[in-house]
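The values are calculated or read from the model by the stated rules, or taken from the named source; none is laboratory data. Please read all numbers here as calculations on a predicted model, not as lab measurements. No Cβ is skipped: glycine too gets one built from the backbone with ideal geometry, and neighbour counts run over all protein chains shown. Ligands, DNA and RNA are stripped out before the accessible areas are found, and what is left, the full protein with its side chains, is counted by its heavy atoms. Shrake-Rupley method; radii C 1.70, N 1.55, O 1.52, S 1.80 Å.
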Amino acid sequence: MTENQNKFGTAPVFFTAISTILGAILFLRFGYSVGTVGLGGTLIIVLIGHAVTIPTAMALSEIATNIKVEGGGAYYIISRSFGLVIGSTIGVALYLSQAISVAFYIIAFTEAFSPVFDWLFDNYIFMPWADWLLHQSQTLAIPALFALTSIVLTKGAKLGIQTLYWVVAILTVALIAFFMGKPIEVDPLATPPPPIPEVSIFTVFAIIFPAFTGIISGVGLSGDLKDPGKSIPMGTLAATFFGMTIYILIALKLYNSAPLPMLADTSRLVMADIAIQGWWLIPLGLAAATISSAIGSILVAPRTLQAMAKDRVFPGPAVNTWLAQGKGKGDDPYNASIVTGTIALFFILLGKLDAVAEVISMFFMVTYGSLCLISFMQHFAGDPSYRPRFKSKWYISLFGAVACFGLMFFMNSGYAFISMFFMLALYFTLNYFTTDKKNIAVIFQGVMYQISRKIHVFLQKSDKEDNTSWRPSAVFLSPHTFQRLDAFNLTRWISHKYGFGTYIHHIDGYLSKQANQDAKLMKNRIIKMAQATKSEVYIDTLINQNLEGSISQVVQLPSISGTENNMLLFDHARNNPSEIQTIVDNFKLIQAANFDIGILSTSERQFGLMKEIHIWITSSDYENANLMILMAYVISAHPDWKNGIIKVFYVFPKATIQQEKEKIAEMISSGQLPISSKNIEFIDRDEGVALNSIIMQNSPDADLLILGFLSEALKRFGTGVFEGYGDLCNILFVNTEEGKQIK
């Protein structure tokens, strides 16, 4: 109970976010925006900026209400959704943007004292060295950094939150004074302000955008909140919409209160000239806004670094242990604050306000785009564990992700490419050192499963394709996967471009726990074969007492393509008659499903050089002809057969051979037959001459033979249909109950 009493509610989230949103940019560069790109351009910048921040705020709120958000804020959300490798990659970028923001806001804080220094130099005489010293931004920035860091290190987050209430009150008074102010009366005899610089709207956007990034500040307090799932959505969204409204009103007020050249002059604090008692209220408001933003950043950044160290993402256990060390009951990130202060000091000594703003914008764009992308993918992943209390819309998250990554290149293409290179280098480095290799693949798999399911349902409900647009959706059932690769190769050739292939390895035996484990190991072995050959074959296994049991199951399987399976394939070794006998014995069962049937008769020559496919067509199996030609065309489309040719041999009695020649010639000329006429040979067959002897005489060097067979012949001759081919290459025997049309 005592620990819970030390936690914060929703108000700190709102105040941390809004004090950062209505921060330094508002006072120092928002007038510059109105002056350079006009009222319309500034309103566009506000709208574009919030087209990014609103989807991000909604995505952030959605993800935060799904999981228990702990210390580390946005980093914790990303790492628990993407995994530590992706999460820490984005987390480092997020941390750097937060640490650099500390320097950015402190540099801006020093500009609040410019009117004071100007008044002193106008009324008093100082030594030249004092004049130079007091006009250096580092003169006040460095002591301010040390003071803020000391407060956080000694008093922790609680004092920082209490300070936020005071600065928000001062900021409110300053803004009221500004809105109550009157337009500036321009003296016609006064020295005209500098001309308006010509700058791109996206250049101005890059400078202004950090003003809108306060939405992520409140999330950094997640480890210090009583109910992050409630406080983060309410505080973040309220601050986002409230900030957008204030910026629109300020743009209107500035445009109607001062001439554009005066607004574009960055050396002048125009808001002070407009506001009531602006000479002291506006600098005070600027100081309050910048100091509160700096406090917010210096509270959040070390907690992000500490959370990553606790996840052991940095190389070296000693580094992680030192950075993860906290202080007090609240585990305030003591060592991480020292590192953050050091980084901020470096940028204070180096950076200019506008240049630092552009760098910060890039880092935040990467982070925001990633958050929106996570939310978008989770909408389609269908993960039962993803049940957020607050839900965004998938199209809002998608728009936010596309807007973030697109705006990076519009803002500064050079910075965008550098940011991408930095992120890739960081990813591979952290991937090497991080032991937890979980990545984005889990979410992608969930998305693909859902897309696949919807496509299957759609195809099932749609009109089925007829024979005029036939393509093979084949299932190859074989118990010989690890003895010979011919069956697997044929399946991957069929499924390469025009067809769909499922390869099922039959396992003799009874289903048991051990048999199931062995089947999974076999399946993984075959999947590795598919990966090694870059094939698009779906792999599975079946355990049955005999092949007949597997056949009865396979003919009832749904197709992975969403269409019905239409072809069943088997294989047998030509020198092992028992294998073909099993297939012949179960032929009636196969026919009952009305499948096209293919039987691959393998020999020691296998598929030879994969140069020639010979198709043999006779008058007795003319219905199989088109299926045979189509199968040859589908197989030859694979790169393994890239130099292969298809030859067709028509064997007919002498009495009808001329009619068949004319019919084939007409099919070739109309484009129905995708084979050159020079690759077609007509053979007149004398009565009493066996077909297999003709084939052995004309196709001794073929690499694949495709022959047809009829069920009536199988009933009459049994296994004899597949015998008598000696040591010829592999032969694919095909049978169809319905003739196919070639269009």
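Compared with the alpha-carbon gap, the fully stretched path from Asp227 to Ala515 is longer by 98.8 nm at 0.36 nm per residue.
Once backbone amide H atoms are built at 1.01 Å from N, Val648 has Ile615, Ile680, Glu681 as its partners under 5 Å, excluding neighbours fewer than 5 places away on the same chain. With θ taken as phi - 60° and the Karplus curve 6.51 cos²θ - 1.76 cosθ + 1.60 applied, the whole-hertz 3J(HN,Hα) list for region 633-647 is 5, 5, 5, 5, 6, 6, x, 4, 10, 4, 9, x, 10, 10, 10 Hz, x standing for glycine and proline.
At 0.36 nm per residue, and after removing the present C-alpha to C-alpha distance, how many nm does the segment from Asp701 to Lys534 gain when stretched out fully?
Numbers: separation 167, 0.36 × 167 = 60.12 nm, distance 2.83 nm.
Extending this stretch completely gives an extra 57.3 nm.
Of Glu660, Glu536, Glu604, the residue with the largest accessible area leads and the full order is Glu604, Glu536, Glu660 (1.4 Å probe).
Take the Cα of Gln545, step 7 Å toward its Cβ, do the same at Trp280, and the gap between the two points is 10.0 nm.
Heavy-atom accessible surface of Tyr334, to the nearest 10 Å², is about 80 Å², with a 1.4 Å probe and all protein chains retained. Estimated at the nearest 10 Å², the accessible area of Lys654 is 120 Å² with a 1.4 Å probe. The amide H of Lys327, built 1.01 Å from its N in the peptide plane, has Asp332, Tyr334 as neighbours under 5 Å, considering only residues 5 or more places off or on other chains. Of the trypsin sites (Lys or Arg not before Pro) found in region 516-613, those in coil by DSSP whose Cβ has at most 11 other Cβ atoms within 10 Å are Lys534.
With all protein chains in place and a 1.4 Å probe, the accessible surface of region 535-675 carries 47 percent carbon and sulfur.
Remark: accessible surface ordering of Met58, Met308 (largest first) is Met58, Met308, probe radius 1.4 Å.
For the residue pairs Lys534/Lys611; Lys310/Lys520; Lys654/Lys678, alpha carbon separations beyond 26 Å are given by Lys310/Lys520. Multiplying the residue separation of Glu687 and Lys393 by 0.36 nm and subtracting their alpha-carbon distance yields 98.4 nm.
What the Cβ-Cβ distance of Ile338 and Phe417 gives, at R0 = 35 Å and to the nearest 0.05, is a FRET efficiency of 0.60.
Residues Asp684, Asp354, sorted by accessible area with the largest first, give Asp684, Asp354 [1.4 Å probe; ligands and nucleic acids excluded].
At the residue level, Ser297 shows approximately 10 square angstrom of accessible surface with a 1.4 angstrom probe and all protein chains present. Remark on Leu568: its backbone amide H falls under 5 Å from those of Val475, Asp596, Ile597, Gly598, a criterion applied only to residues 5 or more positions apart or on other chains, H modelled at 1.01 Å from N.
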